[in-house]
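Accompanying notes for the structure given below.
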Amino acid sequence: MGAEPFFDMHKIYMTPGDGIGPEVMDATRRVMGWYSQNRNFAFDSQEGPIGGAAYEATGTPDPDQTMADAKAADAVFLGAVGGPQWDSLPYDKKPERGLLRIRKELGAFANLRPAICFDALKDASSLKPEIVSGLDILIVRELTGGVYFGEPKGTTVLPDGQKRAVDTQVYTSSEIERIIRAAFELARLRNKRLASAEKSNVMMTGILWREIANHLHKTEFQDVELTHILADNCAMQLVRNPKQFDVIVTDNLFGDVLSDEAAQLTGSIGMLPSASLGARKGEYLPALYEPIHGSAPDIAGKDLANPIASILSFAMCLRYSFERREDAALLDKAVETVLQEGYRTGDIMQPGMNKVGTSAMTSTILKALDRLAV
Ligand code: NAD
């Protein structure tokens, strides 16, 4: 047996963050270990702090070293940031600054959030099973522009003593074009239907967004069906008839809200991974992979967190960054299998099922991988 070929070595950076972040990251690390032992997946991993943990260790939630190490990696895994102990810090010291900066530094402009309802969990949704059963939609959210980053931003005191706060929604045509192009390309790999959600009835950025979507459709993507939908109507349609959608593309703010809404359709926020893709760098699509949930301080450190969102973010990494589609499908299948077998963490617990903690759920998934891989 010769040495591993060079191109199989993936450089991975892990930044667990706060609350349940370290617990779910540990689960992902165990799954990566399984792939390295069983599927010729060699990785060189490094770890560093972000968010509240970084603030405690270094005085800043977004250390330059973390950013530099993340940028040097082929893929970055993040747990979650935040917690009530840091709520009263000034804006530039809040844990969320770390999250916003790492996304920006990685140039990760396209946030992919699949909302898939596993058949075994169709009764766990707050919607009727027939509305969510078989649901498989992808929300593509613009991640590095819009109102979270636009200037001016700030709070001033007016002459009459009132405070005035400003956030600015701003998009350039190139920022809009690259996210809509990415969404068209993803729709092409799926059911070739793209819904573009904005507020072109009341927002200038919405008008530009729609204009660019139409132009790209006409010039490059006529094989994909394009529909426009106002973001507020999209929010309503997601609970009325979510299966009408295939891929939804939207801006940073609307995407934040719509993707959390879509998450709830599937039963639990603890089930959903995300990928944030940047521009291709050589062989890799360097990207940030993270569960969509937060740091869940209410259950942190108790072995209660559902690790599936984080584990499935590794499946997304295999699929998008490393183009190992079969390996990604194997992991998706292992998760589906343990759910069918009745294993549940507390957030997705149903009567008659087998309740397990973070660590036991991970072990069960590893055992399913062992069985499915033979
Ligand atoms: P949250 O996602 O942390 O928790 C919402 C609810 O879902 C809680 O009841 C929690 O226990 C539960 N939950 C979340 N993930 C779970 C999992 N894997 N397994 C089981 N249950 C899970 O959102 P929140 O309570 O609004 O925010 C808590 C903190 O997280 C805040 O500081 C917030 O700013 C931060 N946050 C961070 C991110 C991120 O890092 N990407 C995202 C959202 C919120």
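The values are calculated or read from the model by the stated rules, or taken from the named source; none is laboratory data. What you are looking at is a predicted structure, and each value in this text was computed from that prediction instead of being measured. Using ideal geometry, Cβ is built from the backbone for each residue, glycine included, and neighbour counts are taken over all protein chains shown. Only protein heavy atoms, including side chains, enter the accessible area calculation; ligands, DNA and RNA are left aside. Shrake-Rupley method; radii C 1.70, N 1.55, O 1.52, S 1.80 Å.
Which condition does residue 293 not pass, out of (1) touching a helix residue (DSSP H, G or I) at 6+ places or on another chain (Cβ under 9 Å); (2) open to solvent by 10 Å² or more (accessible area, probe 1.4 Å); (3) away from the ligand (no atom under 12 Å from the Cβ); (4) not in a helix (DSSP H, G or I), if it passes all the others?
With (1) touching a helix residue (DSSP H, G or I) at 6+ places or on another chain (Cβ under 9 Å); (2) open to solvent by 10 Å² or more (accessible area, probe 1.4 Å); (3) away from the ligand (no atom under 12 Å from the Cβ); (4) not in a helix (DSSP H, G or I) applied to residue 293, the lone miss is (3).
Can you tell me how many residues in the stretch 230-256 are open to solvent by less than 30 Å² (accessible area, probe 1.4 Å) and of a type in the set (Phe, Trp, Tyr)?
Adding up the residues that qualify gives 1.
Every residue in the stretch 11-26 that is more than 24 Å from residue 84 (Cα to Cα) and either aliphatic (A, V, I, L, M) or assigned to a helix (DSSP H, G or I) (or both), please.
Listed by number, the list holds a single entry, 12.
Pick from the stretch 104-132 the residues that are farther than 23 Å from residue 187 by Cα and within 16 Å of the ligand (Cβ to nearest atom): which of them is modelled with the lowest pLDDT?
Among those that are farther than 23 Å from residue 187 by Cα and within 16 Å of the ligand (Cβ to nearest atom), it is 124.
Among the listed residues 148, 91, which satisfies the condition of being within 16 Å of the ligand (Cβ to nearest atom), aromatic (Phe, Trp, Tyr), assigned by TED's automatic domain parsing to the domain that holds residue 20 and closer than 26 Å to residue 50 by Cα?
One residue alone meets the criteria, 91.
Can you tell me which condition residue 216 does not meet? The list is (1) open to solvent by less than 40 Å² (accessible area, probe 1.4 Å); (2) closer than 29 Å to residue 319 by Cα; (3) within 24 Å of the chain's Cα centre (by Cα), and all the others hold.
(3)
Taking the condition part of a loop (DSSP other than H, G, I, E, B), of a type in the set (Phe, Trp, Tyr) and buried (at least 18 other Cβ atoms within 10 Å of the Cβ), does residue 322 pass?
When the stated conditions are applied, residue 322 passes them.
So for the stretch 149-171 (the condition being surrounded by fewer than 18 Cβ atoms within 10 Å (Cβ to Cβ), part of a helix (DSSP H, G or I) and not basic (Lys, Arg)), does at least one residue qualify?
no
Conditions first: (1) in a helix (DSSP H, G or I); (2) within 16 Å of the ligand (Cβ to nearest atom); (3) at pLDDT below 95. Residue 312 passes all but one, so which condition is the exception?
(3)
Counting just the residues of the stretch 55-73 that are within 16 Å of the ligand (Cβ to nearest atom) and either among the hydroxyl-bearing types (Ser, Thr, Tyr) or open to solvent by 50 Å² or more (accessible area, probe 1.4 Å) (or both), which one comes out nearest to the chain's Cα centre (by Cα)?
66
In the stretch 74-85, how many are under 23 Å from the mean Cα position of the chain (by Cα) and either farther than 27 Å from residue 313 by Cβ or not in a loop (DSSP other than H, G, I, E, B) (or both)?
So the count comes out to 7.
Do you know which of the residues in the stretch 327-357 that are touching a Phe, Trp or Tyr at 6+ places or on another chain (Cβ under 9 Å) and part of a strand (DSSP E or B) is most open to solvent (accessible area, probe 1.4 Å)?
355
Taking residue 87 as the residue in question, decide whether it is acidic (Asp, Glu), at pLDDT 90 or above and more than 25 Å from residue 257 (Cβ to Cβ).
no
If residue 299 satisfies every condition in (1) touching a strand residue (DSSP E or B) at 6+ places or on another chain (Cβ under 7 Å); (2) modelled with pLDDT of 95 or more but one, which is the exception?
(1)
Name every residue in the stretch 33-54 that is open to solvent by less than 60 Å² (accessible area, probe 1.4 Å) and either among the hydroxyl-bearing types (Ser, Thr, Tyr) or in a strand (DSSP E or B) (or both), in order of residue number.
Across the stretch 33-54, the qualifying residues are 35, 36, 42, 43, 45.
What helices (runs of 4 or more DSSP H) lie completely within the stretch 190-279 and have 1 or more residues being touching a Cys at 6+ places or on another chain (Cβ under 7 Å) and modelled with pLDDT under 95?
Output list reads 252-265.
Quick check, is residue 109 in contact with a strand residue (DSSP E or B) (Cβ under 8 Å, 6 or more places away or on another chain), aromatic (Phe, Trp, Tyr) and buried (at least 23 other Cβ atoms within 10 Å of the Cβ)?
No, not satisfied.
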